[in-house]
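Working notes, structure below.
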Amino acid sequence: MARQSSAEKWYSHATLQGMNAHTARTGAWLIDVMEADTRNGDRRLSELLGRDYYERMLRFGLNKYRTAERVWRHMIERRQLPPK
């Protein structure tokens with residue numbers, strides 16, 4: 001059996017906690033993009049998310065799923081936080 005990626009583990013954990021499936025997919029996509037960027041030397045997303053991204057993303061996605069999805073999509077597309 002193949003080993004799960006961090007994004008797959010996060011998606012499973014998020015959906016078990018009751019997160020909206022679409023928001024959980026977007027969060028997992030962000031984790032995949034962050035890891036791919038980091039492997040290729042681009043650390044912008046990993047610096048934005050920080051070391052404890054796993055739990056912070058879970059809390060954000062569970063408490064404010066519409067906002068989380070919008071922010072995460074912006075981060076994926078532009079590699080920066082959205083304007084306030």
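The values are calculated or read from the model by the stated rules, or taken from the named source; none is laboratory data. Being a predicted model, the structure only gives us computed values, none of them experimental. Note that each Cβ is placed from the backbone with ideal geometry, even for glycine, and that neighbours are counted across all protein chains shown. These area figures cover heavy atoms from the full protein model, side chains too; ligands, DNA and RNA do not enter into them. Shrake-Rupley method; radii C 1.70, N 1.55, O 1.52, S 1.80 Å.
Taking the 1.4 Å solvent-accessible surface of the chain as the whole, the part contributed by carbon and sulfur is 48%. Only one of (i) 12.8; (ii) 15.4; (iii) 14.5 was calculated from the structure for Kirkwood radius over Cα pairs in Å, and its label is (i). Summing charges over all other residues whose Cβ lies under 12 Å from the Cβ of ARG70, with Lys and Arg as +1 and Asp and Glu as -1, gives +1.
Counting only protein heavy atoms and a 1.4 Å probe, the chain has 68 square angstrom of accessible area per residue.
A simple spin-label model places the labels of LYS84 and ALA36 3.2 nm from each other, with each point 7 Å out along Cα-to-Cβ.
Once fully extended, how much extra length lies between SER12 and ASN63, figured as 0.36 nm per residue of separation less the alpha-carbon to alpha-carbon distance?
Details: separation 51, 0.36 × 51 = 18.36 nm, distance 1.72 nm.
Roughly 16.6 nm would be gained on extension.
The relative contact order of the chain, computed from alpha carbon pairs under 8 Å that lie at least 6 residues apart in sequence, is 32 percent.
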